[in-house]
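Written out below as structure tokens is the structure these notes cover.
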Amino acid sequence: MSASTGDGSSNMGSFYIGEHLPVPGGAVNFDVLDQSSRDNYNMLSAHITNINYESKVMKLIDEARVAGRNRVYIPGLEAEDVNVHPDECIASGKVLGVTSTWIELDSLDSLVASASRQVLHHEIAYAGFCGLGTLLIEGPKTAEKNTGAYCQAIVQGLAINAYLHFHIMLPAYGPSLAPIDQDSEGETQDAANATPEVLYDEFTSWDTWNAIRTAARYSPRLGLALQIQYSIPKAYTLKRWFAEPIRYLIIDASAYLLNTKGFPVLTKPHQNLIQMYARKAPYYLLSNVRNTEYEPEDSVDTEFPPLVPPVKLNPRGAKQTGATAKRRDDPESYRRYLQHLLTNLPPAPPLDTFGAGYQDFLQSPLQPLADNLESMTYEVFEKDPVKYDQYEKAVKLALEDMKAQGIENICVAVVGAGRGPLVTRCIRAATNASVDIQMFAIEKNPNAYVHLMKMNRDVWDDRVTLVKTDMRKWQPPSYLHILVSELLGSFADNELSPECLDGVQRVLHPTVGISIPHSYTAHFTPIMAPKIHGDLLARAVTNNPIDVFEVPYVVMLTAIDFLSVNVDGNPNIHQAWEFKHPVPADELEHENGFNDHNEREAFAVFPISRRGVIHGIAGYFECILYKNESSIVELSTRPDTIDAKSKDMISWFAIYFPLKTPMPVPDNSEAQVSFWRTTDGRKVWYDWMVETFGFVYEPSDPTPASTATKRSSLAFANDQLGAQNGYDRKRFSIAASEICTSRKNGCLM
Ligand SMILES: C[S@@+](CC[C@H](N)C(=O)[O-])C[C@H]1O[C@@H](n2cnc3c(N)ncnc32)[C@H](O)[C@@H]1O
């Protein structure tokens, strides 16, 4: 979609608002486009075919049924069947195609399903011919039919035209996919089998989407057009959708309320939803806004007064909030309000601004030991004042503590000095602590060393002793009191900080010497990351899948959902392992050069209350730079502790360990994740594995009569309830991944 005029811009970037016609209108021509532009829309959706075509197809289906046939041939389109033509209107890029919404691709009636599939495919082929780039395709109308048939029609459709992007229209609110007549039928059915709360829950719509995109192998040409109505999902469902490729947000007029002045406005939860999804920069489509009863007023000067609670539902369009509200909405007022909302969004968080363009972008982790970094890379590190502030605080505290112990002639070395920012901070810390120090800067990157020489000449008054060497080979003139290093990767130890610091700790004063950092820990949690998985699948088409899937990535995780969350909605993240410096001498002495003391293993169980798909493991780290009895200076990249430990720190994105085959998990299940840091004395790499488990409840008393009532975990969402009612909880294995290993792409020591 290349909507080009009349866009608005907000604190989160430009936005585009179009109009969506849920039913076929007439032919699309310049008059229609002009009207849409005059109404200040950036784009317009148009049905490919008209009601003439619908009537023709219905007649063919009826004839086939009467003749007792279970197949029907639907001939291709004719001129009188279509609303769009390959003309300048389509070339303007302002028209989105909509495929027929009256078809039922998932019908259990094979005649209807087959006719529907043929209609869809004729429309796709014709839309591609006309030059349309985008198609909106209605999702299955209920969740109870043949989703497989729907998926097959879509997958086949994607193969018809290699350029068209499909966007599946699905309601954000899952229970909307319950059959319309479920209430009336429910009474006559077995209530235990068909309670709507169990069959159609918050995730029902997402389930449908998950089936479609899985069937389509995460095609990058398949996106979501999420429909927003008056009922909107709970926060955890909104988070789930956030992980998905929402390209269009279709806001129906029924989502609006009328405010006390009679203008359509959105409730606070709807506003929050729009603010949340604005980060994904969707296109906005307003639907059904021309259906409302417009009562023109002389003046529209009273825009957007506050809401009062809803009291009355209006069957058409916006709901009234006040019993006396007089309708003043016109088709434009819906767009005007949305534009007002989007223009006044609060500013994006600092990480979004810093990482703009990097969301979910996969980067290979740096290997600063094996490779020499470019100046640009150092420049990116140096943009983060928080990290350097924390280091300065840590060095100052350490110097003050040494001064208090009466230690004199304190020698401080930054090992791995890069372009020198930590050296500057150490000098400043010493000045502020009123301690004289002898300062060393060690760097093995010969190019960065040139810059260090310049810094020494121009900024540090030649007070710093510079040494160009690998820190593991450095021979200083005397013991060092403080070794300052920043060799951490996104999983703490993945840039080989432990191996480098082991090699240099022999220069540290044996009794009073300290390392900054003092210690660091790696952390992990299973996540859903469909966007990343799709990107990796695409890479695996042209690359060796081992090189694509069996390697960790540094990534600004954005379109993800945490699968294991605690009661506050925060992710359950487990610590994997810890490294402390300096390492006790006897640990190093037992080494035969195999580096085994730096091997680690971790195992953690993650409860998963809401179903999903595990695409991989997210990794974070925490680090104690320095601590004494009264103070601690820390860094964290964990989403749940970063604010407390190093708020607004942007130096590190997360790390992501992929799974080649995504692992679906049901409600109330568990994921067991095992991790290893492994080494052969030459390389360091990680192995990881995931196992998933579900639960059944069986009667504690195993008499034949009671075992017959074995129930699934779904019937016992609450463990306590199952146990209390005389059932035993039994865990069963669902699946196990292979052992994934980054050995081939490990880090060279
Ligand atoms: C992540 S950068 C940090 C640079 C700088 N301290 C900063 O905070 O901007 C790590 C630096 O350590 C250097 N380095 C890594 N391993 C080293 C080693 N064994 N000996 C010397 N320098 C090393 C790299 O070349 C790189 O300049």
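Coordinate-derived values only; no laboratory data. Because the structure is a prediction, the values reported are computed rather than measured. Don't worry about glycine lacking a Cβ; one is built from the backbone with ideal geometry, like all the others, and counts go over all protein chains shown.
Beta carbons within 10 angstrom, averaged per residue: use that to sort the peptides 270-282, 126-138, highest first. Don't skip to the end; give the middle numbers.
Numbers: 270-282: 17.8, 126-138: 20.6.
Ranking, from highest mean packing down: 126-138, 270-282.
Please work out the FRET efficiency for the pair Ser375 and Thr431, using the Cβ-Cβ distance as r and a Förster radius of 22 Å; give the result to the nearest 0.05.
Numbers: r = 27 Å, r/R0 = 1.23.
The computed FRET efficiency comes out at 0.20.
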Given Tyr41, Leu536, Gly223, which one lies farthest toward the positive end of the charge dipole of the chain, if we put +1 on the Cβ of every Lys and Arg and -1 on the Cβ of every Asp and Glu? Leu536
Efficiency by 1/(1 + (r/R0)^6): what FRET value for Phe30 and Arg71, r their Cβ-Cβ distance, R0 = 41 Å, to the nearest 0.05? 0.50
In what sequence do Glu88, Glu202 fall when counting other Cβ within 10 Å, fewest first? Glu88, Glu202
The size of the Cβ-based charge dipole (Lys, Arg +1; Asp, Glu -1) of segment 408-507 about the Cα centre, to the nearest 20 debye, is 240
Size of the dipole of the chain about the Cα centre, Lys and Arg at +1 and Asp and Glu at -1 on the beta carbon, nothing else charged, in debye to 20? 440
Inter-probe distance in nm under a simple model that places probes 7 Å from Cα toward Cβ, at Asn570 and Arg463: 4.1
Approximate spin-label separation Glu599-Leu748, in nm, with each point projected 7 Å along Cα-to-Cβ: 2.4
Loop-located trypsin sites (Lys or Arg not before Pro) in segment 10-110, at most 15 other Cβ atoms within 10 Å (DSSP): Arg69, Arg71
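With only alpha-carbon atoms in the gyration tensor, what are the semi-axes of the equivalent ellipsoid for segment 519-749, in Å, largest first? The partial results should precede the final answer.
On the way: eigenvalues 254, 101, 76 Å².
Over the Cα atoms of segment 519-749, the ellipsoid semi-axes are 36, 23, 20 Å.
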Over segment 1-101, what number does the Rg to Rh ratio reach, with both radii from the alpha-carbon atoms and Rh per Kirkwood? 1.14
Near the amide H of Gly612, under 5 Å away, which other amide H atoms are found, from residues 5 or more places off or on another chain, if H is placed in the peptide plane? Val665
In the chain, if the dipole is taken from +1 on Lys/Arg beta carbons and -1 on Asp/Glu beta carbons about the Cα centre, which of Ser254, Met276, Ser478 is farthest to the positive end? Ser478
How many lysine pairs does segment 519-749 hold where the Cα atoms are under 15 Å apart and the two sit 8 or more places apart or on different chains? 5
Spin-label model distance (nm) - Asp701 vs Phe354, 7 Å beyond Cα toward Cβ: 6.2
Once the Cα gyration tensor of segment 370-486 is found, what semi-axes does its equivalent ellipsoid get, as square roots of 5 times the eigenvalues, in whole Å, sorted largest first? 23, 16, 12
Show which aspartates and glutamates lie in cross-link reach of Lys473 when reach means a straight Cα distance below 14 angstrom and same-chain residues fewer than eight apart are skipped. Glu443, Glu499, Asp502
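What number results when the radius of gyration of segment 533-583, computed over Cα atoms, is divided by 2.2 N^0.38 Å? Mind dumping the intermediate values first?
Numbers: Rg = 16.3 Å, N = 51, 2.2 N^0.38 = 9.8 Å.
Normalised Rg, Cα atoms only: 1.66.
Counting other beta carbons within 10 Å of each Cβ, put His481, His20, His597, His121 in order, fewest first.
His597, His121, His481, His20
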Backbone N under 15 Å from the Lys383 label point (7 Å along Cα→Cβ), restricted to segment 344-361: 349-361
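For the chain, divide the Cα radius of gyration by the Kirkwood radius and give the resulting Rg/Rh value with two decimals.
Values: Rg = 31.0 Å, Rh = 29.7 Å.
Across the chain, the Cα-based Rg/Rh ratio is 1.04.
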Can you work out ³J(HN,Hα) from phi for every residue in segment 473-481, in order, using Karplus 6.51 cos²θ - 1.76 cosθ + 1.60 and θ = phi - 60°, giving whole Hz and x for Gly and Pro? 10, 5, 10, x, x, 8, 5, 9, 8
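For Val583, Val690, what ranking results if the residue with the fewest other Cβ atoms within 10 Å of its Cβ goes first?
Numbers: Val583 17, Val690 22.
By the 10 Å Cβ count, ascending: Val583, Val690.
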